[in-house]
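Just below is one structure, and these are the notes that go with it.
The values are calculated or read from the model by the stated rules, or taken from the named source; none is laboratory data. Note that the coordinates shown come from a computational prediction; the quantities given were computed from them, not determined experimentally. Quick reminder, even Gly has a Cβ in these numbers, built from the backbone with ideal geometry, and neighbours come from all protein chains shown.
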Amino acid sequence: MTDPNWNWHPEGLPPSAMPGPNEFEKYTAPVDVETARHLWFGAVLLGLFGLVLGLYSVFADRDAYVRELLQQVQAQDPSVTVSADTADSVLTVAIVVAVLMGGLVAALFWLVVTKMRAGKLWARAVLTFFGAIVVVTAIPSLFALTASNGATSVLTSVSGILQAVLAAGAIVLMHRKDSTRYFIATRPKM
């Protein structure tokens, strides 16, 4: 008598249920998608770096921002009196909220990049849209380099420009022929 389990794989799958060697390769992301993923991760990190630099410049020149806030409150409604301590607290809360929002946006962007790597067409579309916005909004940074007034301003401009370059490269790579074939192959069959 023969053993009924003689043709089963050690992990419990029969040989007919095992994927063939070409089935694994069919869903492996091409080099362009992998490179785009790394470029997006770099763009996210540069965005966080630019945010930290910008908030550092606000924190470093805190007194000027508090004075500006007090002047704006007085200009809008002279009957309202706000102390410098209150304005300073508002500025501190705004900085903390900006850090939290920056972290949240970076985490969401990281998630979308991961979904793009998995072959999701919607993630490629979202990254293309926001990447185009990053590229367009970096154009003024090119002109800000000549008019910058300090090392922090120059670093912020340079990080914005590098972020736009990375985003543009990632967009191009996500839309190349091999990448498009990968996104079409991984979408659900109907």
### Summary
For residue 146, the lone unmet condition from (1) part of a helix (DSSP H, G or I); (2) at pLDDT 90 or above is (2)
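Just need a number here: residues in the range 70-102 that are in contact (Cβ under 8 Å) with a residue 24 or more places away in the chain and within 30 Å of residue 130 (Cα to Cα). Steps first, answer last, please.
The first filter runs over the range 70-102 and keeps only residues in contact (Cβ under 8 Å) with a residue 24 or more places away in the chain, leaving 88, 91, 95, 98-99, 102.
Next cut, within 30 Å of residue 130 (Cα to Cα) only: 91, 95, 98-99, 102.
Residues in the range 70-102 being in contact (Cβ under 8 Å) with a residue 24 or more places away in the chain and within 30 Å of residue 130 (Cα to Cα): 5 in total.
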### Task
Look through 114, 86 and report the one residue that is among the β-branched types (Val, Ile, Thr), modelled with pLDDT of 90 or more and surrounded by 14 or more Cβ atoms within 10 Å (Cβ to Cβ).
114
### Query
Got at least one residue in the range 124-141 being farther than 23 Å from residue 55 by Cα and either among the basic types (Lys, Arg) or touching a Leu at 6+ places or on another chain (Cβ under 9 Å) (or both)?
yes
### Filter result for residue 120 (surrounded by 14 or more Cβ atoms within 10 Å (Cβ to Cβ) and at negative phi)
yes
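Going by the structure shown, is residue 160 more than 18 Å from residue 109 (Cβ to Cβ) and modelled with pLDDT under 95? Give the derivation first.
Working: more than 18 Å from residue 109 (Cβ to Cβ): no; modelled with pLDDT under 95: yes.
Judged against the criteria, residue 160 is not a match.
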### Message
Cβ-Cβ under 8 Å, sequence separation 6+ or interchain: first residue in the range 105-133 and touching a residue at least 40 places away in the same chain (Cβ under 8 Å), partner among the aliphatic types (A, V, I, L, M) and outside any helix (DSSP H, G or I). Which pairs?
### Response
117/29; 119/29
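Within the range 125-136, identify whether any single residue is over 15 Å from the mean Cα position of the chain (by Cα), loosely packed, with under 13 Cβ neighbours inside 10 Å and under 16 Å from residue 37 (Cα atoms), and answer yes or no.
Our first condition is that a residue be over 15 Å from the mean Cα position of the chain (by Cα); within the range 125-136, this holds for 136.
Next, only the ones that are loosely packed, with under 13 Cβ neighbours inside 10 Å stay: 136.
Subset that is under 16 Å from residue 37 (Cα atoms): none.
Checking the range 125-136: not a single residue is over 15 Å from the mean Cα position of the chain (by Cα), loosely packed, with under 13 Cβ neighbours inside 10 Å and under 16 Å from residue 37 (Cα atoms).
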